[in-house]
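The values are calculated or read from the model by the stated rules, or taken from the named source; none is laboratory data. Predicted model only: the values in this text are computed from it and were never measured. Note that we place each Cβ from the backbone using ideal geometry, even for glycine, and neighbour counts take in every protein chain shown.
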Amino acid sequence: MMVGPVGAEGQESFDLTICSPAALEKECERDGFVLGRHRLIASEYNYPVLRQVIEKLINRCSGTNWPEVAAKISRIGYWEFEDYAPESK
């Protein structure tokens with residue numbers, strides 16, 4: 001997902017995997033477990049409905065600045081800067 005602050009230029013990348021319960025079951029059988037972070041589990045792939053759900057989730061994220069909002073969105077999808085730490089000199 002490419003998401004950015006309302007009324008400002010630029011967007012940042014957030015990765016979200018959409019999968020079915022059957023896919024999770026196969027993964028669990030193969031690996032013995034499933035981690036659920038940054039996944040959206042849906043019984044069927046219906047792009048318009050899934051997009052609406054994701055937009056609703058993202059629109060609920062608020063804050064006083066973009067990094068604060070982005071940190072909340074990163075609970076939904078993996079933020080490209082989630083583990084970023086500037087080098088100290």
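Descriptive notes on the structure:
- Among residues of the stretch 12-22 being modelled with pLDDT of 95 or more and more than 15 Å from I54 (Cα to Cα), the one that is farthest from the chain's Cα centre (by Cα) is A22.
- Selected residue [closer than 17 Å to M1 by Cβ and in contact with a Leu (Cβ under 9 Å, 6 or more places away or on another chain)] from I58, I41: I41
- Against the test of being surrounded by 14 or more Cβ atoms within 10 Å (Cβ to Cβ) and free of Cβ contacts under 8 Å to residues at least 24 places away in the same chain, the options A71, A22, A85 yield a single qualifying residue, A71.
- Residue within the stretch 1-14 that is outside any loop (DSSP other than H, G, I, E, B) and acidic (D, E) present: yes
- For the stretch 36-89, the tally of residues that are of a type in the set (S, T, Y) and within 23 Å of A8 (Cα to Cα) stands at 5.
- Among the residues here, F33 does not qualify as surrounded by 14 or more Cβ atoms within 10 Å (Cβ to Cβ) and not aliphatic (A, V, I, L, M).
- Per-region count, the stretch 6-19, residues surrounded by 10 or more Cβ atoms within 10 Å (Cβ to Cβ) and under 18 Å from K56 (Cβ atoms): 3
- When E68, E25, E44, E29 are screened for being among the acidic types (D, E) and part of a loop (DSSP other than H, G, I, E, B), only E44 passes.
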